[in-house]
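Here the structure is laid out as structure tokens; the discussion comes afterwards.
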């Protein structure tokens, strides 16, 4: 084999290797709950040292904005700053119970992990999340089940208050799907765990007027997992 042929083969090998390092990743997200809606989702392939949230750590300001009001713009800016491959709001609005949506991102040697976040309504600061899941390098279909998390930034008083979605404004901003109760006294007025943690779930009650919660105990409660993710690496 002459030097020219060797160089050509080496070049083709490098090109093939470079192509193999980048892959299209199809992400299907299904809401498994019976009465909880997901606000606009944020799906991203990013570097393994980056995190949109971490269990046991204090929530960042962008995470708080997402968890309390569904605002993903701050987290999207963070992802843009690290050159992540991100898909924002693939469902073009709320993702209803039992509904699914699709997103496409691109994995690479740099963007090798997958994260997903969205606020859950109606909750005070609950969100569905996937934190830096290693994306397989082998083509195929993979399934992941996601839990609900509490951002630890707001007391779970379970009272629906118009305009309360801004960080630091106590209350649930909306209750889509089923009208909430009214005149609840509040389940609690404090949050003892101020770190990101597994959400205890909504308690609710069966009183349309009064009681402790504005949420319905037959509709707005859930058990983990709250979402199923099907990842297809192409």
Residues of the stretch 115-134 classified as in a strand (DSSP E or B) and within 24 Å of residue 174 (Cα to Cα), total: 11
Flag for residue 142 being closer than 23 Å to residue 100 by Cβ, touching a helix residue (DSSP H, G or I) at 6+ places or on another chain (Cβ under 9 Å) and in contact (Cβ under 8 Å) with a residue 40 or more places away in the chain: no
So residue 166, is it touching a helix residue (DSSP H, G or I) at 6+ places or on another chain (Cβ under 7 Å), surrounded by fewer than 20 Cβ atoms within 10 Å (Cβ to Cβ) and part of a loop (DSSP other than H, G, I, E, B): yes
Residue check for residue 115: within 22 Å of residue 31 (Cβ to Cβ) and surrounded by fewer than 17 Cβ atoms within 10 Å (Cβ to Cβ): no
Scope the stretch 196-223; condition surrounded by fewer than 19 Cβ atoms within 10 Å (Cβ to Cβ), in contact with a strand residue (DSSP E or B) (Cβ under 9 Å, 6 or more places away or on another chain) and part of a loop (DSSP other than H, G, I, E, B); matching residues: 200, 201, 206, 208, 210, 212, 217
Members of the stretch 40-75 that are out of contact with any helix residue (DSSP H, G or I) (no Cβ under 8 Å at 6 or more places or on another chain) and under 21 Å from residue 102 (Cβ atoms): 40, 41, 43, 45, 70
Inter-residue pairs, beta-carbon under 8 Å, first within 17 Å of residue 115 (Cβ to Cβ) and in the stretch 30-49, second modelled with pLDDT under 95, 6+ apart: none
Residue satisfying all of: in the stretch 135-159; outside any loop (DSSP other than H, G, I, E, B) and within 16 Å of the chain's Cα centre (by Cα); nearest to residue 61 (Cα to Cα) among these: 150
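The values are calculated or read from the model by the stated rules, or taken from the named source; none is laboratory data. What you are looking at is a predicted structure, and each value in this text was computed from that prediction instead of being measured. Note that we place each Cβ from the backbone using ideal geometry, even for glycine, and neighbour counts take in every protein chain shown.
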